Amino acid sequence: MLIKKTSTSDISENEVTPENIYKDRRKIIKSLGFLGAGALLSGQSQQAHAISWFKDKDEEKSALKALKYQADEPFTEALTPEAKITSHNNFYEFGTRKTDPKQYEGMLTVNPWQLNVDGLCANPFKLNYEDLFSKYPLQERIYRMRCVEAWSMVIPWVGIPLADVIKQAQPNGQAKFVAFETLYRPEEMPGQKSRFAGGGIQYPYVEGLRIDEAMNPLTLLAVGLYGKELPTQNGAPIRLVVPWKYGFKSIKSITRIKLVNQKPPTTWNLSAPQEYGFYANVNPKVDHPRWSQAQERRLGSGGLFSQNYIPTLPFNGYGEQVAHMYKDMDLAKFY
Ligand SMILES: Nc1nc2c(c(=O)[nH]1)N[C@H]1C(S)=C(S)[C@@H](COP(=O)(O)O)O[C@H]1N2
Ligand SMILES: [Mo]
């Protein structure tokens, strides 16, 4: 498997790609005999050919930048429809039912925003709302997302490799882990105001990665999906995406990224340590104490009745890029 990067662009707040353009672009790619949504182009000449179909010069330039990757395997899984990705959510700050977060779409104040990057580093810094879309080249990554509840989707994210942000901070030799924190704003997040509405977990939601996991090229800070800014329910304005781990590691609406020396506390591990570990690597061989992890229900792949059960892959199918980080670990013990 490889990085599912099909385009990069300097998307700013005002020039996010509308969904129809997004779809047209994929149709064009398909019509040229490539593999359709999520497919990767291979070979310089094919790339040049595909790009010549994109009208606008700037887009051409950014699309060229986009195609700097090696393709060795097609991405054959269908994208989960946008309507599904934005209406079936886990975001307990907005309620515990899958349908709750969408009710708050547009209701979280994301501008102004402040993301602090600090801790054990030479260059701590802050990013504001505009910075999230303008400071780093944005990349599109189509990733599977596997929730620990045994459902999954295929999502076209737009974002920034977390490594780019961490390198900018210049971590020192003490920095062994990265801690993340979600916005704490009970006025706008009903789940933070009431223990009942928020499912009984502690807020702010916190997560963490080992520094090598954080620096892995797959690890993304997403600011968009389907070519547009993230909606509230998917973690606006910026959220983590760690595609080889269960979805709960992919913390939403982040306000702080801190380089630390010790393994940081993580929300679901604090809440139920026997059920949710720090690592949370997708692993069909290690069942949740209350259900099997051998299979998953792929959402939105086809019609109403086509909820597909498919086998779950180790590391969610990203083993080639990530298994080396765990080669000396017992993954049943460090679940
Ligand atoms: N702050 C915060 N981040 C969160 C959650 C949450 O409740 N709060 N839920 C997690 C879980 S369990 C999953 S499966 C994913 C869901 O992401 P999605 O709604 O964009 O599909 O977000 C994760 N990030
Ligand atoms: Mo999840």
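The values are calculated or read from the model by the stated rules, or taken from the named source; none is laboratory data. Note that the structure is predicted; figures quoted are calculated from it, not measured. Glycine also receives a Cβ, built like all others from the backbone with ideal geometry; neighbour counts cover every protein chain displayed.
Quick notes on this structure:
- Count - residues of segment 201-225 that are modelled with pLDDT under 95 and surrounded by fewer than 22 Cβ atoms within 10 Å (Cβ to Cβ): 0
- Matching residues, segment 262-279, being part of a loop (DSSP other than H, G, I, E, B), of a type in the set (A, V, I, L, M, F, W, C) and buried (at least 17 other Cβ atoms within 10 Å of the Cβ): Phe278
- Annotation: of all residues in segment 262-275 being hydroxyl-bearing (Ser, Thr, Tyr) and under 15 Å from Glu181 (Cβ atoms), the one that is farthest from ligand 1 (Cβ to nearest atom) is Thr266.
- Applying the set (1) modelled with pLDDT of 50 or more; (2) touching a strand residue (DSSP E or B) at 6+ places or on another chain (Cβ under 8 Å) to Ala66 leaves exactly one unmet item: (1).
- Test: residue in segment 143-163 that is among the hydroxyl-bearing types (Ser, Thr, Tyr) and modelled with pLDDT under 95: no
- Every test in (1) of a type outside the set (Val, Ile, Thr); (2) away from ligand 1 (no atom under 11 Å from the Cβ); (3) assigned to a strand (DSSP E or B) is passed by Met145 save one, and that test is (2).
- Meets criteria (of a type outside the set (Ser, Thr, Tyr) and either at positive phi or in contact with a His (Cβ under 7 Å, 6 or more places away or on another chain) (or both)) for Leu270: no
- Flag for Arg239 being out of contact with any Lys or Arg (no Cβ under 9 Å at 6 or more places or on another chain) and not β-branched (Val, Ile, Thr): no
- Summed over segment 245-274, the residues that are within 12 Å of ligand 2 (Cβ to nearest atom) and either within 12 Å of the chain's Cα centre (by Cα) or without any contact (Cβ under 8 Å) to a residue 40 or more places away in the chain (or both) give a count of 8.
- Criterion (closer than 30 Å to Pro311 by Cα, in contact with a Phe, Trp or Tyr (Cβ under 9 Å, 6 or more places away or on another chain) and among the acidic types (Asp, Glu)) met by exactly one of Glu181, Glu149: Glu149
- Restricting the search to strands (runs of 3 or more DSSP E) fully inside segment 148-261 and requiring at least 3 residues that are more than 29 Å from Leu299 (Cα to Cα) and either within 14 Å of ligand 1 (Cβ to nearest atom) or of a type in the set (A, V, I, L, M) (or both) gives 254-260.
- Among the residues listed as Val282, Val242, the single one being without any contact (Cβ under 8 Å) to a residue 40 or more places away in the chain, within 13 Å of ligand 2 (Cβ to nearest atom) and buried (at least 24 other Cβ atoms within 10 Å of the Cβ): Val242
- Some residue of segment 138-154 being aromatic (Phe, Trp, Tyr) and within 16 Å of ligand 2 (Cβ to nearest atom): yes
- Test for Gln293: is it within 13 Å of ligand 2 (Cβ to nearest atom), farther than 27 Å from Val158 by Cβ and over 18 Å from the mean Cα position of the chain (by Cα): yes
- Considering segment 128-161, and only residues there that are among the hydrophobic types (A, V, I, L, M, F, W, C) and either more than 30 Å from Arg97 (Cβ to Cβ) or without any contact (Cβ under 8 Å) to a residue 24 or more places away in the chain (or both), the residue that is surrounded by the fewest Cβ atoms within 10 Å (Cβ to Cβ) turns out to be Ile160.
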